[in-house]
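In what follows, a single structure is set out as structure tokens and then discussed.
Where a number appears in this text, it was derived from the coordinates with a stated rule and is not lab data. All of these numbers come straight from a predicted model, not from anything done at the bench. Virtual Cβ from ideal backbone geometry, glycine too; neighbours counted across all protein chains shown.
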């Protein structure tokens, strides 16, 4: 069960990465440069999550077919933010809580850590998407003070002039954050 959860999470995070890069291009074209930066930053966080999930699968050598749902119907930046909120809230409210319990039940510590890292970041992503959508809905760009910082180890997301001294999720030093 843990392997199937990892495969689904890998597929979902991979699709989120690609979807958010597409959404960033739309936001740029519509003049929402800070929202575009947010999409690019969170796309990177999703890549970190996909990479972490995939690494946990390193003991397997087999072909697998993966099913993973995704919100579809890209459009304007406002609509794309709504799709982002839907995806992040699904991961926070349904997917990762179940996957965490499966990994705990089966004693899969690496999978549990990978799911936990993603779960913690997705909560922040949903909040940032909701916040930026409130501006886009008024025709305004999201006011970004500083950068969007992503921990390259766990995907923790932070907004500000500098990243935290150490990641509050995985405890790595600030130099492992990437700024957007």
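Could you work out the relative contact order of the range 1-103? I mean the mean sequence separation of Cα pairs under 8 Å and 6+ apart, divided by the number of residues, in percent.
Numbers: 90 pairs, mean separation 37.2, N = 103.
Over the range 1-103, the number comes to 36 percent.
Could you give log10 I(q)/I(0) at q = 0.08 Å⁻¹ for the chain, computed by the Debye formula over C-alpha point scatterers of equal weight, without solvent? Taking Cα atoms of the chain as identical point scatterers yields -0.24. Modelled this way, with points 7 Å down the Cα-to-C-beta line, the labels at residue 131 and residue 54 are 3.0 nm from one another. The relative contact order of the chain comes to 25 percent, based on Cα pairs under 8 Å that sit 6 or more residues apart. Taking 7 Å along the Cα-to-C-beta vector as the label spot, tell me the residue 76-residue 138 distance in nanometres, rounded to one decimal. Modelled inter-label distance: 1.6 nm. Kirkwood hydrodynamic radius of the range 1-76 from all distinct Cα pairs, in Å? Averaging 1/r across every pair of different Cα atoms and inverting gives 13.4 Å. Residues 156, 59 in ascending order of nearby Cβ atoms (within 10 Å, fewest first): 59, 156. What separates the Cα centres of the range 1-35 and the range 106-177 is a distance of 14 Å. Were the residues from residue 176 through residue 153 laid out at 0.36 nm apart, the gain over their Cα-Cα distance would be 7.5 nm.
Stretching the chain fully between residue 105 and residue 25 yields a gain of 24.7 nm (0.36 nm per residue, less the alpha carbon separation). Packing, as the average of other Cβ atoms within 10 Å across residues, places the peptides 159-166, 41-48 in the order 41-48, 159-166, highest first.
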